[in-house]
Amino acid sequence: MWSLKGITRRSGKLFVAAVVAGAVSACFRPFYGPTATGERLSTALAQIEVQPIRTTLANERIGHYLRSELIFDLDGSGEPPPKRYKLSIIITDSLQTPIVDTQTGRAVSATLNTNANYTLTNWDGSQKIAEGLATSSATYERTAQRFADVRAARDAEIRSAKLLSEQIRTRLSAVLVSKS
């Protein structure tokens, strides 16, 4: 049975929640809206020059994949505007093989753990705007077939590069939206 007291209590809670939500909504800047300077976020992201990624000789492929993904994610328009920022990245990775077949002694699966230390600076490098660490993990199955293993490892590197690119783009977007 509905009571008048229960209805007024619920409506009072809804009213308080609406007032709090309205008051707090002014504290947040829309993520894909204009930046603090008034320019569009997509324009600010397109002004980032992605430097060649520093990595070890054995990990050049994942650095290539990450740089390609970032260039596309930051400015996929094909019309590059003048650059205002430089993004430099250092990649480290490790491979773990947690499951080993006891009969053959071969790893059954592998996990590729990748870390990307990134730094965003202004064009002349005098001011650091953002820095951080993005991490990703990608697993793949290992078999006795050599070429299947190579392709599975390459697919894991591509997946890892896409995850890192998404993380870095999101973090840079958050910094550039609030940058005045």
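Read-outs: derived from the displayed coordinates by stated rules, not from any lab. What you see is a predicted model, and the numbers here were worked out from it, not measured in a lab. As a convention, Cβ positions derive from the backbone with ideal geometry for all residues, glycine included, and neighbour counts pool all protein chains shown.
If you take every residue apart from Thr143 with its C-beta less than 13 Å away from the C-beta of Thr143, what net charge results, scoring Lys and Arg +1 and Asp and Glu -1? Walk me through the numbers on the way to the answer.
Details: positive: Arg106, Arg142, Arg146, Arg151; negative: Asp101, Glu141, Asp149.
Here the charged neighbours net out to +1.
Report, in whole Å, the centroid distance computed from the Cα atoms of the range 146-180 and the range 42-63.
11
Quick one: P(r) of the range 86-180 from all Cα-Cα pairs, 5 Å bins, percents rounded to integers, in order of increasing distance.
2, 13, 19, 17, 13, 10, 8, 6, 5, 3, 1, 0, 0
Report the FRET efficiency, 1/(1 + (r/R0)^6), for Asn113 and Ser42, where r is their Cβ-Cβ distance and R0 is 22 Å, rounded to 0.05. If you can, show how the numbers build up before the last one.
On the way: r = 31 Å, r/R0 = 1.42.
For Asn113 and Ser42, the calculated efficiency is 0.10.
Treating the beta-carbon of each Lys and Arg as +1 and of each Asp and Glu as -1, no other charges, what is the dipole magnitude of the range 7-178 about its Cα centre, to the nearest 20 debye? Can you show the working numbers first?
Numbers: 21 positive and 16 negative charges, 121 e Å.
About 580 debye.
Pairs of lysines 8 or more apart, or on different chains, with alpha carbons under 24 Å: count those in the range 7-178, would you? Please list the in-between numbers first.
Working: Lys83/Lys128; Lys83/Lys162; Lys86/Lys128; Lys86/Lys162.
Taking the Cα cut-off of 24 Å, the pair count is 4.
Order 163-175, 129-141 from most to least packed using the mean count of other Cβ atoms within 10 Å. Walk me through the numbers on the way to the answer.
Working: 163-175: 18.8, 129-141: 16.2.
In decreasing order of mean packing, 163-175, 129-141 become 163-175, 129-141.
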